[in-house]
Amino acid sequence: MVIENETVSVSKGVFIFKNNFKPIRKSKKDYKKCNRNDNIFTHNLWYQEYSSLWNSLFEDIQKLTSNIFSVMTKDLLEFIKSACNSVTFEIPTAALLTGINMPDHVEQFIALEKQLKDHITPHVATLNSQDCSSMKFLMENLVNQFLNGTDYIYLDEDDMETDQCKDSIKKSFLNFSLLESWYWEQYASRNKCRANQKPLVVIFPDFESFNINILQKFILVASSHLKKLPFVFVFGIATSVSILYYAFPYHVSSKISIKMFKCEQSINLLNNVLENIFLNSFCPFQLGGNVFNLFTDIFLFYDYSVHNFIQNIKYTMMEHFCYGNAMALCNLDKKEVKDMLNIFKHEDFENVRQLKSFRKLVESQEFQNRINLLTNDEYLKNVIFENVLMLQRYIRRLHIFLKCLHVLVHDLPGYPLGKQLRELYAICVSENVCKTQQYNECFQLLGFQSKEDLCLKLEKILDILASVINENSKKTQLKDFFCDLKKYKNLLVNLTDFNVDIEEKEKDSDVNNSFTNQMDRKALKQTLLLRSKQKPKSLNKYEKLRIEILDQLSQNFKIYLVEPSSLYLYEIFFFDNISIQNKIIGIHRSAIHTALNNPHYYLQCNCCEISNTHSIKRTMPDVCIAYKLHLECGKMINMYDWLQAFICIIDVDGSKENENQSKKVDPQIQARFTRAVAELEYLGFIKSSKRKADHVTRLTWGG
Amino acid sequence: MEAKLLALRQTFPGRESQIDQLRNLYGWENEPLAPSVYIYGGPSTGKSAVVLKFFETLEIRHANVNLIECYSAKILFESILNQLTGHRLDPRVGTPYAKCDTLKEFIEHLQNVDKEINLSRCVVILDKAEELRTMDHNLLPSFLRLQELSNLSLSVIFLSEIVFEKYYFRLNIIEPIKIHFPQYTKDELLEILSFDFDLVRELIGNNFSQPIQFDIDFFRNYLNVFLSVFYRACRDLSELRHMSRRNFLKYCEPITRNEFTIKDSMALWKHIAPILKNSLEVLYLRVSTDDASKPIENFAHSLELPFYAKYLLIAAYLASYNSAKDDKRLFMKYHGKKTKTQRDVKQKSKVSEKLNTQMGPNAFTLDRLLAIFYSILYDKVGFNNHLLIQVSSLVELQLLSLASDSSTLDGRKYKCNVNFDCIQSISKMVGFNIRKYLSDFSHM
């Protein structure tokens, strides 16, 4: 009622009611909380498994990345610390060469800012290019960040609630003289010496996107205040240092003294993340070869973004676990799998039965067992448990032996199996690596390795094995393998005698003797051929040992490095559905084409279902009909013909009735047609033509 | 008064006549004040330093504003008022002494201030006065006659690097009194640089574990050697100062290693001469000491681009430096035979200035870029959004630039910003022969 009174007015008007709306920022926490508790999937087993796995992985990733950057950050912090202690006439500037990936940098700069705040100075401001479209915005933004220690964005919200935020300063007052007096109050007024004064660090994460004129001006202004305000700049440069020289003329560049810091290349970063997080025996979720190749291709060919790569993997994980509760078994812990199986219900077992490789499992069994598998849940439970255990062991071994094989082949000439572990992984999970030609090639090449190289490689392999073998555990195949290798290595190290066995030497001399006799060319050729055939026999001790070692290794690889699809129920751990490509890579043009050509694909209605892509139904949306008709035309489209064809499809009955009558077009249909054509023009498929009357030009080709 | 001025002259060698001129204008209490003074001279010739120091020593009330930071006239007015009144901003509130948006308000406030504190004989110094040309149009004429407008005996000093004639954008402005600050001569530079003595001593003490004792003559000797190399290349005081400090450490190094003694100036000269020559090459570059030794690496090699982005960049280069009518001939397999005309023959004998590659980048549409991209790429790749994002990220990296209005989404035009050397090494990296596809080179 009150509201009604307030809005009584002589004329029409719009009235504003403040609804005491609180900005989302504050309620975010509650929002998140309720979101987490009330997720519709929360009670599903697969979701629980997924979220716990992702959270642990994400934590690891963050730890890893912060470790990688820590070296560079440490140098940078050191630089800033030393810069603010010495008296300078130029602004100390750190140029961070970050590589071209913007999305990856955001977190890096946030981490840097936090470290700076923790260790060096509380006064850190980050200026993004989109907030600094003019000198005024830049200044206000900067001064606000220093004074309030918060981000600029929230200022507007604070303005809305002026009563809550008493400290807020009017935006137009934010300028350098205010900053100066603020800084003076912080330090100089309390008679602190210069060494105690904390520097003002300004971070520009995206140097390239900044308006250069504004930046130049800002540097000039800052340098004119340098005596009172000790600035330190950090530029994030994506391309190369020379851009600094292009950007700044001398009178600006003389105001700063630059020191360069290099970041890790993003390709190394990716390898690091992959090797430490995803490609090891702690992560139960494994990518199949096709999907893995797709992701590395996206990385190498399109974006070089580790962040995107991780997000892609996250998406596949969601897709993988979405399959159902069967995926809740994707766990490398024996006990947890057992617990999980105990709470499985009938539907969950059915879910497992739908896995593709379950069929293979059934087929491999005898008749009675087949029935048991298909009907008896209790029986199935045991079978699943056994198979999952096998898979767990397989995954552990797979990664151990992958690493061993990688040690052997990563530096072979020509890189038949690739340089990186990820390349090797991609091969191993998509086919049986031991049967490939590259594998044989590798072992041929390994047959020529010198003693020192082989020794080194064996040592590395022993290290890898030693790190995973539990000393106290009972005898396993792995342990046997380890002991064997150790023995070989000792033999190899102690081997000093390179001489060929005496007997063989004698044989050799026999052959040599045969040379001395005079013979014709043919005979000589034959003896030479004979010699070359005999040659492999004359091996020295090292060569014999080498063959033995390589044989031993190869045998083990053949046992453990089989492709995952040869195992039953491998789908629980491996995701290899390449159809995910359509969701990862957006292809908008083909999406529009599909939508117009086959609306059923998106609408999922019964009326538009078509068997043949070329057929047209009158129930389709008008624009689809017009589109499909225009696909049949050449470069120029006659509007009248197009309209007639349109009418034929829309108005099947009417056209017959009206045959005798004058060919008058129903205005309603004409309007629909006109609208469809206008929509096509808007979508960019046709363009009105000036060359021919009543014609339009087609802008695409093909159908 | 005289003693103070004498000290001032000593701190600024080579600026004696300018200090005298300033003194004639401002030093006499009873004389009327000049309404405006224009001080000009090249960079780092001591304009701001001399003027500020002069007014500080004479204890004349003044306000010094650097015009670069005044992105609006409001800030200029308010900071002048703040400084003249000695108003200290409260960082919690941030209100200036008085709010004034326009020149009229500013003058009113000035007159109000004059009632409280005597503003007569005070000076307003506007540094970087060339900025006035791009600021509001009324500012320059009214600051030139501020005395007249405000009815106060104020004076305005303009400090600038350009001559006053460059301001003639409109008539009817009063000509101010002009003082020129000429470039320092070699002897003056030596004099000024030798003020560094104390600082350099400290520097030596910090950098070497074993401090060496030297006197001012030793340092001046070094400066002589230093200037003999650098004076011809650079007269900029701040750059020279920067370089001399950096190289002095190297000059002293052999002494700390006990190779030469301080007296052995000939040996020291022989030692430092090649170092100075080397550092002459990084003059103005301002890279810090440890990076200076390694040459600036190739731009193309330091660029870390994904595979398709490289091809997109190459396609952009081809689109920028080929004319669109050659596209059919260059990029299509069966482009048909072309009959040679007289014009073609003439075109082939183009002088190098008329080569497409010398003519600067032409704008091209996105469609053309993609068409070229697909024709030069061996394996067929689907057209997807990742590719389109690459185009915009190339723009963000300033390797391409937007040639059309950024608000139009339809038919955007781009230009390629990289040079031929760079694109050549990029195409070498992906194994692509770019000369084959450039109309300038393809007939060779």
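The values are calculated or read from the model by the stated rules, or taken from the named source; none is laboratory data. Predicted model only: the values in this text are computed from it and were never measured. Reconstructed Cβ throughout: ideal geometry from the backbone, glycine too, with neighbour counts over all protein chains shown. Accessible surface areas use protein heavy atoms only, side chains included; no ligands, DNA or RNA. Shrake-Rupley method; radii C 1.70, N 1.55, O 1.52, S 1.80 Å.
Looking at the stretch B:190-212 only, could you name the residues that are open to solvent by less than 100 Å² (accessible area, probe 1.4 Å) and either small (Gly, Ala, Ser) or outside the structural domain of residue B:255 (by the TED database) (or both)? Listed by number, the residues that qualify are B:194, B:205.
Out of all the residues in the stretch B:131-161, which are at pLDDT 90 or above, open to solvent by less than 50 Å² (accessible area, probe 1.4 Å) and within 14 Å of chain A (Cβ to nearest Cβ)? Within the stretch B:131-161, B:159, B:160 qualify.
Filter the stretch B:213-238 down to the residues that are of a type in the set (A, V, I, L, M, F, W, C), more than 26 Å from the chain's Cα centre (by Cα) and either surrounded by fewer than 14 Cβ atoms within 10 Å (Cβ to Cβ) or modelled with pLDDT of 85 or more (or both) and list them by number.
Narrowing the stretch B:213-238 to residues of a type in the set (A, V, I, L, M, F, W, C): B:214, B:216, B:218-219, B:223, B:225-227, B:229-230, B:233-234, B:237.
Narrowing further to those that are more than 26 Å from the chain's Cα centre (by Cα): B:214, B:216, B:218-219, B:223, B:225.
Matches in the stretch B:213-238: B:216, B:218, B:219, B:223, B:225.
Restricting attention to the stretch A:579-586, does a residue exist that is open to solvent by 80 Å² or more (accessible area, probe 1.4 Å), within 14 Å of another protein chain (Cβ to nearest Cβ), more than 18 Å from residue A:701 (Cα to Cα) and in a helix (DSSP H, G or I)? Give the derivation first.
Start the filter on the stretch A:579-586 by keeping residues that are open to solvent by 80 Å² or more (accessible area, probe 1.4 Å), which leaves A:582-583.
Filter once more, keeping what is within 14 Å of another protein chain (Cβ to nearest Cβ): A:582-583.
Subsequent filtering for residues that are more than 18 Å from residue A:701 (Cα to Cα) retains A:582-583.
Filter once more, keeping what is in a helix (DSSP H, G or I): A:582-583.
Looking for residues that are open to solvent by 80 Å² or more (accessible area, probe 1.4 Å), within 14 Å of another protein chain (Cβ to nearest Cβ), more than 18 Å from residue A:701 (Cα to Cα) and in a helix (DSSP H, G or I), one finds at least one in the stretch A:579-586, hence yes.
Quickly run through the stretch B:373-394 and pick out the residues that are within 9 Å of chain A (Cβ to nearest Cβ), closer than 20 Å to residue B:423 by Cα and open to solvent by 30 Å² or more (accessible area, probe 1.4 Å). Matches in the stretch B:373-394: B:393 only. Of the candidates A:558, A:522, A:535, the single residue that is open to solvent by 90 Å² or more (accessible area, probe 1.4 Å), modelled with pLDDT under 80 and in a helix (DSSP H, G or I) is A:535.
Of all the listed residues (A:258, A:298), the sole one being open to solvent by less than 30 Å² (accessible area, probe 1.4 Å), in contact (Cβ under 8 Å) with a residue 60 or more places away in the chain, over 30 Å from residue A:232 (Cβ atoms) and within 14 Å of chain B (Cβ to nearest Cβ) is A:298.
So that you can scan it fast, the table gives a plain yes or no per residue for (1) within 20 Å of residue A:692 (Cα to Cα); (2) hydroxyl-bearing (Ser, Thr, Tyr); (3) not in a helix (DSSP H, G or I):
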site	(1), (2), (3)
A:602	no, yes, no
A:605	no, no, yes
A:611	no, yes, yes
A:623	no, no, no
A:640	yes, yes, no
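Residue-by-condition table, conditions (1) within 14 Å of chain B (Cβ to nearest Cβ); (2) in contact with an Asp or Glu (Cβ under 7 Å, 6 or more places away or on another chain); (3) farther than 17 Å from residue A:272 by Cα:
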| residue | (1), (2), (3) |
| --- | --- |
| A:285 | no, no, yes |
| A:288 | no, yes, yes |
| A:291 | no, yes, yes |
| A:302 | yes, no, yes |
| A:310 | no, no, no |
| A:315 | no, no, yes |
| A:324 | no, no, yes |
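Answer yes or no as to whether residue B:29 is at positive phi and more than 14 Å from every other protein chain (Cβ to nearest Cβ). Criteria not met by residue B:29. Annotation: of all residues in the stretch B:18-46 being free of Cβ contacts under 8 Å to residues at least 40 places away in the same chain and part of a loop (DSSP other than H, G, I, E, B), the one that is surrounded by the most Cβ atoms within 10 Å (Cβ to Cβ) is B:27.
Does residue B:419 satisfy the condition of being out of contact with any Lys or Arg (no Cβ under 6 Å at 6 or more places or on another chain) and either closer than 30 Å to residue A:583 by Cβ or away from every other protein chain (no Cβ under 12 Å) (or both)? It is false that residue B:419 is out of contact with any Lys or Arg (no Cβ under 6 Å at 6 or more places or on another chain) and either closer than 30 Å to residue A:583 by Cβ or away from every other protein chain (no Cβ under 12 Å) (or both). Contact map, the stretch A:421-448: residues that are of a type in the set (Gly, Ala, Ser) paired with residues that are surrounded by fewer than 20 Cβ atoms within 10 Å (Cβ to Cβ), Cβ distance under 6 Å, separation 6+ or inter-chain. Pairs shown: A:426/A:293.
Among residues of the stretch B:82-95 being surrounded by fewer than 21 Cβ atoms within 10 Å (Cβ to Cβ) and either of a type in the set (Phe, Trp, Tyr) or touching a residue at least 12 places away in the same chain (Cβ under 8 Å) (or both), the one that is nearest to the other protein chains (Cβ to nearest Cβ) is B:82. Take the conditions open to solvent by less than 40 Å² (accessible area, probe 1.4 Å) and farther than 23 Å from residue B:52 by Cα and apply them to residue B:107. Does it pass? So residue B:107 passes the test.
Just one of the listed residues (B:112, B:64) is under 28 Å from residue B:12 (Cβ atoms), polar (S, T, N, Q), in the same structural domain as residue B:17 (by the TED database) and not in a loop (DSSP other than H, G, I, E, B), and it is B:64.
Counting residues that are of a type in the set (A, V, I, L, M), which helices (runs of 4 or more DSSP H) fully inside the stretch A:346-398 reach at least 2? Quick ask: steps written out before the conclusion?
On the way: elements: A:346-353, A:356-363, A:367-375.
Correct list: A:356-363, A:367-375.
Take the conditions of a type outside the set (Phe, Trp, Tyr), crowded, with 16+ Cβ neighbours inside 10 Å and not in a loop (DSSP other than H, G, I, E, B) and apply them to residue B:278. Does it pass? Judged against the criteria, residue B:278 is not a match. Each residue in the stretch B:1-17 was checked for being in a loop (DSSP other than H, G, I, E, B) and closer than 17 Å to residue B:179 by Cβ, and 3 of them qualify. Restricting attention to the stretch A:69-86, and to residues there that are open to solvent by 50 Å² or more (accessible area, probe 1.4 Å) and in contact (Cβ under 8 Å) with a residue 40 or more places away in the chain, which single residue is farthest from the chain's Cα centre (by Cα)? Across the stretch A:69-86, the extreme among qualifying residues is A:85. Remark: residue A:218 falls outside the filter, which requires a residue to be in contact (Cβ under 8 Å) with a residue 40 or more places away in the chain, away from every other protein chain (no Cβ under 11 Å) and buried (at least 19 other Cβ atoms within 10 Å of the Cβ).
Residues in the stretch B:50-81 that are closer than 30 Å to residue B:192 by Cα, within 11 Å of another protein chain (Cβ to nearest Cβ) and open to solvent by 10 Å² or more (accessible area, probe 1.4 Å): 3 in all. Condition (residue is more than 10 Å from chain B (Cβ to nearest Cβ), without any contact (Cβ under 8 Å) to a residue 24 or more places away in the chain and surrounded by fewer than 21 Cβ atoms within 10 Å (Cβ to Cβ)) applied to the stretch A:227-237: is it met by at least one residue? Taking every residue of the stretch A:227-237 in turn, at least one turns out to be more than 10 Å from chain B (Cβ to nearest Cβ), without any contact (Cβ under 8 Å) to a residue 24 or more places away in the chain and surrounded by fewer than 21 Cβ atoms within 10 Å (Cβ to Cβ). Scanning the stretch A:95-107 for residues that are over 16 Å from the mean Cα position of the chain (by Cα) and surrounded by fewer than 22 Cβ atoms within 10 Å (Cβ to Cβ) gives a single hit, A:97.
State whether one or more residues within the stretch A:331-350 are buried (at least 21 other Cβ atoms within 10 Å of the Cβ), within 14 Å of chain B (Cβ to nearest Cβ) and in contact (Cβ under 8 Å) with a residue 12 or more places away in the chain. No. Among the residues in the stretch B:166-175, are any open to solvent by less than 20 Å² (accessible area, probe 1.4 Å), in contact (Cβ under 8 Å) with a residue 12 or more places away in the chain and outside any loop (DSSP other than H, G, I, E, B)? Scanning the stretch B:166-175, I find at least one residue that is open to solvent by less than 20 Å² (accessible area, probe 1.4 Å), in contact (Cβ under 8 Å) with a residue 12 or more places away in the chain and outside any loop (DSSP other than H, G, I, E, B), so the answer is yes.
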